[in-house]
Amino acid sequence: MPASAARSTAAARPVAARQIAGTRQFNRFYTRRIGVLEEGLTGTSFTLTEARVLYELAHRDATTSVVLCRDLGIDAGYLSRILARFAKRGLTSRTRSAEDGRERPIVLTARGRKVFAGINQASDKQITALLAPLPPRARQDLLGAMTTIEKLLDAPTASNGAGDAKPAEVILRAPKPGDLGWVVHRHGALYAAEYGYEASFEHMVAVIAAQFAKNFDPAREACWIAEYQGEVAGAIFLMKESDEMARLRLFYVEPSARGLGIGSKLVAACIAGARQFGYHKLTLWTQTELVSARRIYAAAGLTVVGEKPHHSWGRDLIGQDWMMEL
């Protein structure tokens with residue numbers, strides 16, 4: 001993103017002091033935890049930046065300092081001094097470019113690759129020691145959180161010419177093997193974390209997903225999986241209620257993908273699918289506390305036709321029936 005666009009975006013989105021403090025606290029914790037504050041990375045004489053430059057050189061056939069500056073976002077003078085030290089130690093050499101004789105691409109020497117292999121092995125051991133005490137589920141949660149951080153801070157954007165950023169494209173697709181199980185898992189995890197629902201809720205979702213898989217009628221039913229940046233970001237199911245009416249089921253959006261319009265896209269796809277299949281009505285059942293979902297339903301043209309309190313999944317709730325004439 002150009003600097004001007006970044007400034008415009010920052011100016012339009014004030015950041016709370018507690019958010020700044022929380023981010024800085026995490027940075028202090030993590031840099032201390034992985035040892036980047038030590039003089040040498042993983043017990044070597046190389047700094048973190050030097051090791052990163054070595055990594056880039058080890059994973060490219062040949063490159064130039066201009067490209068390294070651009071890709072790493074570091075000062076040209078700083079990089080020049082690093083490369084000079086590498087050359088003095090026999091870690092790098094310069095080659096002739098076949099396309100432009102004026103260019104002298106940089107490559108690692110055999111010595112440089114040997115040194116990098118040692119750093120790489122030491123880094124693997126360091127991360128192994130970090131993860132080894134954690135149980136498998138905790139490791140997966142940690143990696144998921146890291147992926148979320150990376151996705152949110154480095155989301156592909158395109159400028160619309162006015163300094164505003166557009167989100168990466170959201171893809172709606174048919175389910176693949178494993179998707180139904182993932183939908184069940186995410187419903188159970190998210191509704192437990194966000195609303196305190198007990199395991200009986202996940203059981204209900206599993207039963208619905210199993211019914212969809214067992215009785216699936218491609219001429220009257222469908223499921224849409226939303227993908228954002230290559231990851232599952234949400235889902236929605238259209239299931240046959242009767243010859244005249246379809247039911248919208250198992251609608252959800254991942255927390256990390258909310259605010260991108262994914263929920264509206266999923267509901268719109270479900271409504272369009274119901275019309276295409278020849279249904280006359282679309283119905284759904286939801287809870288009053290699911291405010292965001294109800295807002296999407298209302299915006300799409302569905303209306304509340306009934307409401308009733310009930311005790312389910314360990315909670316006292318108010319269920320609502322919604323309907324739409326197609």
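Per-structure values
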| item | result |
| --- | --- |
| Packing-based ranking, highest mean first, of 27-33, 146-152 given that Cβ atoms within 10 Å are counted | 146-152, 27-33 |
| Of 145, 245, 67, farthest towards positive along the dipole that unit charges on Lys, Arg, Asp, Glu beta carbons give the chain | 67 |
| When the chain is reduced to its Cα atoms, the Kirkwood hydrodynamic radius in Å | 24.3 Å |
| Packing-based order for 45-54, 70-79, 311-320, using average beta carbon neighbours within 10 Å, highest first | 45-54, 311-320, 70-79 |
| Unit charges on C-beta of K, R, D, E only; dipole of the chain, Debye | 1440 debye |
| Heavy-atom accessible area per residue - the range 169-326, 1.4 Å, Å² | 49 Å² |
| Distance cut-off 20 Å, percentage of C-alpha pairs in the range 189-326 lying past it | 48 percent |
| Loop trypsin sites (Lys or Arg not before Pro), the range 203-310 (other Cβ atoms within 10 Å of the site Cβ: 13 or fewer; DSSP) | 258 |
| Zero-based 10 Å bins, Cα pair distances in the range 212-257, whole percents | 26, 44, 24, 6 |
| Rounded percent of accessible protein surface that carbon and sulfur make up, the chain, 1.4 Å probe | 55 percent |
| Lys/Arg +1, Asp/Glu -1 at C-beta; the chain dipole; positive extreme among 278, 134, 233 | 134 |
| Protection proxy ranking of 116-123, 15-22 - average other beta-carbon atoms within 10 Å, highest first | 116-123, 15-22 |
| The chain - percent relative contact order, Cα under 8 Å, separation 6 or more | 11 percent |
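The values are calculated or read from the model by the stated rules, or taken from the named source; none is laboratory data. None of the values given here were measured: they were computed from a predicted structure. Positions of Cβ are generated from backbone atoms using ideal geometry, with glycine treated the same way; all protein chains shown enter the neighbour counts. Keep in mind that these areas ignore ligands, DNA and RNA; they rest on the heavy atoms of the full protein, side chains included. Shrake-Rupley method; radii C 1.70, N 1.55, O 1.52, S 1.80 Å.
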